[in-house]
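Encoded as structure tokens, the structure appears first; notes follow it.
The values are calculated or read from the model by the stated rules, or taken from the named source; none is laboratory data. Just so you know, these numbers come straight off a predicted model, no measurement behind them. Neighbour counts are summed over all protein chains in view; Cβ atoms, including those assigned to glycine, are modelled from backbone coordinates with ideal geometry. Only protein heavy atoms, including side chains, enter the accessible area calculation; ligands, DNA and RNA are left aside. Shrake-Rupley method; radii C 1.70, N 1.55, O 1.52, S 1.80 Å.
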Amino acid sequence: MKLKISKQESGIYYHGSPFQLEYLKENCDFTPYKEVAVAFGSKPISLSVNDDIISFNGSVFTVYLYQIDEDIKYNVDFFDRPNSSFEKGYELRAKRNIKLKLIEIIDEIV
């Protein structure tokens, strides 16, 4: 599967999951890129980003896409994920539980 990564909107963050959630737990990851969240939420066996295209082979077919539903601050509520294989800013890690809002249920990724 391949998705074109859309332009990042400042201050808006996403989390994709195969589960229904109310909170992103401390030490869990999220991203400012909607398509990256969808890819991670599909629990891929492999994933790569090249020229703003994310390629992945998801093992889950329903992804719940969430948006962070509270104001958060870098180095206070979250930080860059250590040892990420992606460019800085793609993967962020929560320092505490953070409220989520369900924005979309994706049953098919094309």
Would you call Lys73 open to solvent by 50 Å² or more (accessible area, probe 1.4 Å) and touching a residue at least 12 places away in the same chain (Cβ under 8 Å)? no
Given the criterion in a loop (DSSP other than H, G, I, E, B), of a type in the set (Phe, Trp, Tyr), surrounded by fewer than 13 Cβ atoms within 10 Å (Cβ to Cβ) and touching an Asp or Glu at 6+ places or on another chain (Cβ under 9 Å), identify the matching residue among Phe19, Phe61. Phe61
Out of everything in the range 27-58 that is assigned to a strand (DSSP E or B) and of a type in the set (Ser, Thr, Tyr), what residue ends up being nearest to the chain's Cα centre (by Cα)? Thr31
Return the only residue of Ser46, Ser84 being free of Cβ contacts under 8 Å to residues at least 12 places away in the same chain, open to solvent by 40 Å² or more (accessible area, probe 1.4 Å) and in contact with a strand residue (DSSP E or B) (Cβ under 9 Å, 6 or more places away or on another chain). Ser46
Within the range 9-21, is even one residue closer than 14 Å to Glu104 by Cβ, modelled with pLDDT of 95 or more, in contact with a Gly (Cβ under 6 Å, 6 or more places away or on another chain) and not hydroxyl-bearing (Ser, Thr, Tyr)? yes
